[in-house]
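The structure appears right after this line, and notes come after that.
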Amino acid sequence: MGSSKWRKVKMALGMNLCVYVPRTHGHIDDSSSSPPPPPSFERLSGAALLSPGSYRSLHSSAPSTPGSNGHGLRLSNSLSMSSKKTCSICLASMKRGDGHAIFTAECSHSFHFQCIASNVKHGNQICPVCRAKWNEIPLQCPSLDPPPGRARVNPVEWAQSNALMTVVRRLPPPRPNHNRHNVLPIQTPEPAVFNDDESLEHQSDSVERNSSSKSNPEKDDQRTMKIKTYTEVSAVPWLNSSDNFTILINLKAPASAPTSCENIGINQANSPQVVQTSRAPVDLVTVLDVSGSMAGTKLALLKRAMGFVMQNLGPYDRLAVIAFSSTARRLFPLRRMSETGRQQALQAVNSLVANGGTNIAEGLRKGAKVMADRREKNPVASIILLSDGQDTYTVSNTGNSQQVPNYQLLLPLSMHNESSSNFKIPVHTFGFGSDHDASSMHSISEISGGTFSFIETEGVIQDAFAQCIGGLLSVLLKDLQVNIECVNPRVSLGSLKVGSYPNRVVSDGRSGIIDVGHLYADEERDFLVSVNVPAEISSTETALLKVRCVYTDPLTKELVTVGSDEVRIRRPDVAGQQNASVEVDRQQNRLRAAEAMVLARTAAETGDLSGAASILENCRKVLSESVSAKTGDRLCVALDAELKEMQERLASRHVYEASGRAYLLSGLSSHSWQRATARGDSTDGSSLVQAYQTPSMTEMLNRSQATLLGSPSVQRLIRPVLSFASNPKPR
């Protein structure tokens, strides 16, 4: 058995969803003449949105023994029993007499009538649990009275209406058409303009009360960004001058302040009391790859991860879902994640079916259109893109080293970060598995101002999403701009080392600007600025520069300005014992590591893997001899561990193509933006590679990993992160 199959077996057994019975040479099969089961039997089904109760049932029950002719992955009997108690689409319990009709399919799995009818309306004709093909499906149609004792059979041509009754119709036998291409299931026609986003009118009153409420100065100070500056040394002899003197500018966003709020009714059984963070609500568009390569386990885990995202969005957050393969469609419009919105979104995502090619550009175009056509806008907006393949429609990557693919074509011009338009919405990309195009996903994130995460193993997808939304749900600063101004007329700026952030130095060298954008709660940014230090004749100190930051509070929409003290250095007669700043040295190490990653990637792309590994090894040696490394600095330890991991992924061309390139680019994305990305085991609590994780990200990761455990005691600890309540407490 191949290693890839064993990986699927271990994952399936670890999730307690199925057992694997391999076919052996001595296997006795009484029905050898029967055709083999379809390939989908060897994959996990779409039952990824099972309730925690289902997981507990699976964990406590022994798997059923497969029949003599069985092989591949089989769902256990406990799953079937569990699915009779819980609707696998909306995750709510099913009890007879509770006011909800229950549909039991011919495969014996049961669902709420409303849930499964909506599932069928989106194009599914197979059981979401066991993937069995149904001959009879529930359908909603105009309520015409049928003859007594009979259910009316609805012709295929009837349009679906909202004044409805639920009936069952028999599907006609499939007619093979070998000339027809695989396309996404068709639902209702899309509007020409996506201006049907759900209104934010109920939230506006809450915003006004929040912004008008007066609070004491101490709490206001806690919600203000902090600025610190460090010089590479504290003194320079007055007769000496320097053309490249380094100053570190450290910015830190305020911490989130949790407050209690009333139950919002997501799930009365699982969330009796919630805790919220006073934060800005989010408009989130997820652009999901549902091409043929996503079939089976990948799609099931994607559905589960999307369910986690929905459960953790608050009632003022809005979500839209775009699905793409050969074409793209808006699966779910921009709706608030109220209890109703969440259930509808779950049903829509659970209807996804994988087939077709990979048209990333079309998916992003439709995602950008959802954002551009909005009638109303939440303070924070972001797009999440997930794909496991390579775009085969817009960008041609033939492997010819002379032809560099133009990945900018994958993004609409309005989404380019350097564009003059006000449409600045970051795209956070997630490359799934070993076959995705890491270069294109990294380019999309860099161009738009987002991050690139590498999901190496299928089971990590939910954790990767959790880390990302943990940040998005904690934005406290918006449109942050850093202004640097020289104080001394003889001092001028040299370079601004700021990673991927847009920046510029004014022509006279007297000032510079860094466009930072949004900051999450507790996030920090470190920028290195070089200036010239002139010789002094009589002064005992020299004033170099001052820093001023301007940003918008996304909750109150107020413009906030924060300034620093002047950066000064002493000018003694002679140089005494000079201790280099550990803070400055630490950030210089980060930049050295990022530069080594860029050089190593360039060497690896030309086929020089040994040269790439040598570049990383030399960087590790330089880091180990630095001042901060000798003090046991945690960032230096993490950088060394990351560079070592990258070296190991340069062992061969095959390893580099499968995971080395993606791991390297994800690390480069993280250090360029100083923001956490998922790569390798970085979402594991024991990993050393956890740079830039904030408390909000860590909390959301813990929630994700707790839900995967399925423990009843752990499940009670899970709480959704909400946007501000309708009756917020004064700040």
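Screening Thr340 on (1) more than 19 Å from the chain's Cα centre (by Cα); (2) touching a residue at least 24 places away in the same chain (Cβ under 8 Å); (3) farther than 24 Å from Pro554 by Cβ shows it passes everything except condition (2). Scanning region 348-367 for residues that are outside any loop (DSSP other than H, G, I, E, B), open to solvent by less than 10 Å² (accessible area, probe 1.4 Å) and among the small types (Gly, Ala, Ser) returns Ala348, Gly363, Gly367. Regarding region 531-542, can at least one residue be identified that is modelled with pLDDT of 95 or more, assigned to a strand (DSSP E or B), surrounded by fewer than 16 Cβ atoms within 10 Å (Cβ to Cβ) and in contact with a strand residue (DSSP E or B) (Cβ under 7 Å, 6 or more places away or on another chain)? Scanning region 531-542, I find no residue that is modelled with pLDDT of 95 or more, assigned to a strand (DSSP E or B), surrounded by fewer than 16 Cβ atoms within 10 Å (Cβ to Cβ) and in contact with a strand residue (DSSP E or B) (Cβ under 7 Å, 6 or more places away or on another chain), so the answer is no.
Of note, Val404 does not satisfy the criterion of being surrounded by 20 or more Cβ atoms within 10 Å (Cβ to Cβ) and either of a type in the set (Asp, Glu) or in a loop (DSSP other than H, G, I, E, B) (or both). Just to be sure, is Ala345 outside any loop (DSSP other than H, G, I, E, B) and crowded, with 20+ Cβ neighbours inside 10 Å? Answer is yes for this residue.
Residues of region 226-238 include none that is at pLDDT below 90, among the β-branched types (Val, Ile, Thr) and open to solvent by 30 Å² or more (accessible area, probe 1.4 Å).
Close contacts from region 488-505, counting a first residue that is at positive phi and open to solvent by less than 50 Å² (accessible area, probe 1.4 Å) and a second that is in a loop (DSSP other than H, G, I, E, B) and among the aliphatic types (A, V, I, L, M), with Cβ to Cβ under 7 Å and a gap of 6+ residues or different chains, come to none at all.
Take region 469-496 and flag every residue that is β-branched (Val, Ile, Thr), part of a strand (DSSP E or B) and either closer than 12 Å to Lys546 by Cα or touching a helix residue (DSSP H, G or I) at 6+ places or on another chain (Cβ under 7 Å) (or both). Correct list: Val482, Ile484.
Residue-wise test of (1) more than 31 Å from the chain's Cα centre (by Cα); (2) crowded, with 16+ Cβ neighbours inside 10 Å; (3) more than 26 Å from Arg661 (Cα to Cα); (4) without any contact (Cβ under 8 Å) to a residue 40 or more places away in the chain.
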| site | (1), (2), (3), (4) |
| --- | --- |
| Thr561 | no, no, yes, yes |
| Ile569 | yes, yes, yes, no |
| Gln577 | yes, no, yes, yes |
| Arg590 | no, yes, no, no |
| Gly632 | yes, no, yes, yes |
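Among the residues of region 579-588, the one identified as out of contact with any helix residue (DSSP H, G or I) (no Cβ under 8 Å at 6 or more places or on another chain), assigned to a loop (DSSP other than H, G, I, E, B) and open to solvent by 50 Å² or more (accessible area, probe 1.4 Å) is Asn579. Taking residues in region 359-387 that are within 14 Å of Pro426 (Cα to Cα), and partners anywhere that are open to solvent by 10 Å² or more (accessible area, probe 1.4 Å) and polar (S, T, N, Q), the pairs with Cβ atoms closer than 7 Å and at least 6 places apart or on different chains are Ala368/Ser414; Ala372/Ser414. Residues in region 447-461 that are within 13 Å of Thr677 (Cα to Cα) and either in a helix (DSSP H, G or I) or basic (Lys, Arg) (or both): 2 in all. Residues in region 625-650 that are modelled with pLDDT of 95 or more, assigned to a helix (DSSP H, G or I) and farther than 20 Å from Ala676 by Cβ: Gln647, Glu648.
When Arg548, Arg525 are checked against the criterion of being open to solvent by 50 Å² or more (accessible area, probe 1.4 Å), part of a strand (DSSP E or B) and in contact (Cβ under 8 Å) with a residue 60 or more places away in the chain, Arg548 stands alone in meeting it. Taken together, the residues in region 322-366 that are among the aromatic types (Phe, Trp, Tyr) and in contact with a Gly (Cβ under 8 Å, 6 or more places away or on another chain) amount to 1.
The values are calculated or read from the model by the stated rules, or taken from the named source; none is laboratory data. Bear in mind the structure is a predicted one, so any value in this text is a computation, not a measurement. Counting neighbours? That spans all protein chains shown, and the Cβs are built from the backbone with ideal geometry, glycine included. These area figures cover heavy atoms from the full protein model, side chains too; ligands, DNA and RNA do not enter into them. Shrake-Rupley method; radii C 1.70, N 1.55, O 1.52, S 1.80 Å.
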